[in-house]
1. Residues to consider are Gly157, Gly176; find the one that is modelled with pLDDT under 80 and open to solvent by less than 60 Å² (accessible area, probe 1.4 Å).
2. Return the residue satisfying two criteria in turn: it lies in region 18-42 and is within 18 Å of Arg139 (Cβ to Cβ) and under 21 Å from the mean Cα position of the chain (by Cα), and of such residues it is modelled with the lowest pLDDT.
3. Is at least one residue of region 150-159 closer than 28 Å to Ile216 by Cβ and not β-branched (Val, Ile, Thr)?
4. Say we look at region 16-34 and pick out the residues that are free of Cβ contacts under 8 Å to residues at least 60 places away in the same chain and either more than 14 Å from Leu91 (Cα to Cα) or part of a loop (DSSP other than H, G, I, E, B) (or both); which of these is least open to solvent (accessible area, probe 1.4 Å)?
5. Name every residue in region 43-68 that is among the polar types (S, T, N, Q) and modelled with pLDDT of 85 or more, in order of residue number.
6. Which ones in region 195-244 are under 16 Å from Glu119 (Cα atoms) and assigned to a helix (DSSP H, G or I)?
7. Would you be able to say whether some residue in region 94-108 is in contact with a helix residue (DSSP H, G or I) (Cβ under 7 Å, 6 or more places away or on another chain), within 14 Å of Ile53 (Cα to Cα) and not in a loop (DSSP other than H, G, I, E, B)?
8. I'm trying to understand the selection: among the residues of region 35-50, which are closer than 11 Å to Cys92 by Cβ and in a loop (DSSP other than H, G, I, E, B)?
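The values are calculated or read from the model by the stated rules, or taken from the named source; none is laboratory data. In this text the structure is predicted, and so the values were computed from the model without any measurement. Cβ placement follows ideal geometry from the backbone for every residue including glycine, while neighbour counts extend to all protein chains displayed. Calculation scope for accessible area: heavy atoms of the full protein, side chains included, ligands and nucleic acids excluded. Shrake-Rupley method; radii C 1.70, N 1.55, O 1.52, S 1.80 Å.
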Amino acid sequence: MGLTDNILRFESISDVNNYCGISSSNSWMTVVDFSEVGIITQQSINVNFYAIICLDNSESGKEGGIVIFLRPGLSFEIMREGARRLRGWVLCFSGELMQDTLLANRASEFPFFNESPLEPHTLSGSEYLMSASCMMSLRAEQHNICDRYSKRILAAGVAVLLTQCLRFYDRQVSKGEHRHSDIVWRIDQLLNDHFAAEKPHDSLPTVAWCAQQLKITPNYLGDLMRKYGSVSAQHHLHARIINE
């Protein structure tokens, strides 16, 4: 664990436990209740493992909360300036938890871990409570004596939460149905303008570039194209470039 440029860096699950004063019988996973952490003064947190951060919105007068997904190497901006007391939960788990369990080789099934830049997803009141309930169950298990079943039980609990998060993610994609059902047309308009420009561009358009122009993440664009297009965003783009 280290602190550089006002970024708090956690290299391992043990770093999180030591920082928060949590005792745990395993090194694969930990759950933190932000209400027990106190005021955080760092502007950003960087992790070397997977993390699901569920923040409660009730303090700001809103129902529900938001959820942020971190993969190893990513940073989460807590605030722009000053100190802040967070409300909510965070689940941290290492890639080791995925080995030899039902999570093995399944990271690619959860698109929210691949978002860049990070995009907070909204949670309704019931969704936030459901997420918090999963984390509380996992927290209870992490305090049990570690035995030959512990890793499988923890992996199963994490899998349940990740599957719930897939439901939240799909709901958010579907919520933009009317707004994004014309996604193919909007991409084609971007490409028309790109190729019709009087001054040639230095590079060919990419999925990431299209997503940036539409102010959404590349993964979200990919999900919309799978939902509303006949081919993937990458194939659609390649076909258009070849035609040009």
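1. None of the others qualify; the one that does is Gly176.
2. Restricting to residues being within 18 Å of Arg139 (Cβ to Cβ) and under 21 Å from the mean Cα position of the chain (by Cα), the top hit is Phe34.
3. Yes: one or more hits.
4. Out of the qualifying residues, it is Ile22.
5. Across region 43-68, the qualifying residues are Asn46, Asn48.
6. Ala208, Ala211, Gln212, Gln213, Leu214, Pro218, Asn219, Tyr220, Leu221, Gly222, Asp223, Leu224 - these are the residues of region 195-244 that are under 16 Å from Glu119 (Cα atoms) and assigned to a helix (DSSP H, G or I).
7. No, region 94-108 contains no residue that is in contact with a helix residue (DSSP H, G or I) (Cβ under 7 Å, 6 or more places away or on another chain), within 14 Å of Ile53 (Cα to Cα) and not in a loop (DSSP other than H, G, I, E, B).
8. Residues satisfying the conditions are Asn48, Phe49.
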